Amino acid sequence: MSSEPRRRGHSGLRLSWWNLVLLVPLIVLFTPMYNADRPRLFGMPYFYWHQFLFVFIGVISVAIVYLATRDKKPKKQDTQENSGEDGK
């Protein structure tokens, strides 16, 4: 158990429209889209280089969402919330 008081109302889950960008790499799971041999890139069948490309697209998507949703500085709460007292 931690000796720090719990903050109420902060679950760590933050909803944002930016999170929808994380759906882009899931397109690779749609098998009929990449189930082909041609076109080839440097002799590699489409099946392989397409999946390899989506590794980079996934990394870029996560980076975009991280940069767009990170907090610049944590907000300071007033001392009553941190101390757990009612101010009496």
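Read the figures in this text as sums done on the coordinates, not as results from a lab. As the structure is a computational prediction, the values presented were derived from the model and not from experiment.
Contact order for the range 17-69, expressed relative to its length and based on alpha carbon pairs under 8 Å spaced 6+ residues apart, stands at 47 percent.
Once fully extended, how much extra length lies between LEU29 and ALA68, figured as 0.36 nm per residue of separation less the alpha-carbon to alpha-carbon distance? Net length gain for the segment: 11.5 nm. Using the alpha-carbon positions of the range 17-69, Rg (one decimal) and Dmax (whole number) come out as 13.1, 40 Å.
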